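The values are calculated or read from the model by the stated rules, or taken from the named source; none is laboratory data. None of these values were measured; they are calculated from a predicted model. Counting neighbours? That spans all protein chains shown, and the Cβs are built from the backbone with ideal geometry, glycine included. What goes into the accessible areas is simple: the full protein's heavy atoms, side chains included, and nothing from ligands, DNA or RNA. Shrake-Rupley method; radii C 1.70, N 1.55, O 1.52, S 1.80 Å.
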Amino acid sequence: APLPRECDVHASIEEVARGIRAGRAVDLHTTLDATDARVFGDPIAIRRILENLVGNAVDSLEGTSGHVAIATTTVDGEDGRALRVTIADTGRGMSSGESARIFEHFYSTKPGGSGLGLSIVRRLVTDLHGSIRVESEPGQGTSMIVDLPVVSAANVATDDPVPGAKTHARGRRQW
């Protein structure tokens with residue numbers, strides 16, 4: 001696995017959005033307003049999180065004329081500043097019962113879905129010391145909200161980009 005490093009999530013969002021637009025006819029908007037979109041982690045994991053969440057949002061439209069929006073903001077969390085990535089769609093939405101189960105292994109609302117995508121996304125987000133939650137109403141669409149700690153100048157200066165991450169004796173981070 002690649003060693004974690006500083007990653008620009010805005011660049012990853014733009015890359016994923018380009019790929020989705022090239023492969024599917026979808027109304028996809030990005031509003032990247034976060035003042036700092038740098039997080040410390042595996043860039044492949046960040047891309048997988050985004051591809052899965054945006055792909056699910058597009059799939060939820062089921063060929064209708066809905067739209068998908070990806071937005072970022074900077075928020076103050078319990079453990080410092082965080083990058084909030086919200087992926088919202090105007091798809092069918094989910095009941096509270098469905099929303100409560102979407103991160104479970106092998107649970108899917110998609111015909112033929114494996115039920116592994118969102119459980120893997122949740123693990124990847126947790127590995128990045130972040131959080132993920134869902135807001136959804138039947139017929140109103142779904143929003144997936146991911147908060148990831150940003151790399152701060154103070155943390156870089158102390159050579160600890162992610163507070164609380166443990167370091168092995170050989171200097172490698174334990175995730």
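A few notes on this one:
- For Thr90, net neighbour charge (Lys/Arg +1, Asp/Glu -1) across residues whose Cβ lies under 12 Å away: -3
- Full-extension gain in nm, Ser95 to Arg133, via 0.36 nm per residue minus C-alpha separation: 12.2 nm
- Remark: spin-label model distance Arg24-His105 equals 2.7 nm, labels positioned 7 Å along the Cα→Cβ axis.
- Divided by 2.2 N^0.38 Å, where N counts the residues, the Cα radius of gyration of the range 1-68 comes to 1.20.
- Inter-part distance where the range 1-60 and the range 66-141 are each reduced to a Cα centre, Å: 14
- Estimated FRET transfer efficiency (Arg81, Ile120; beta-carbon r; R0 22 Å; 0.05): 0.25
- For the range 1-142, carbon and sulfur atoms together expose 49% of the accessible surface, with a 1.4 angstrom probe and every protein chain in place.
- Computed P(r) (all Cα pairs; the range 15-116; 5 Å bins; percent): 2, 11, 18, 22, 20, 16, 8, 2, 0
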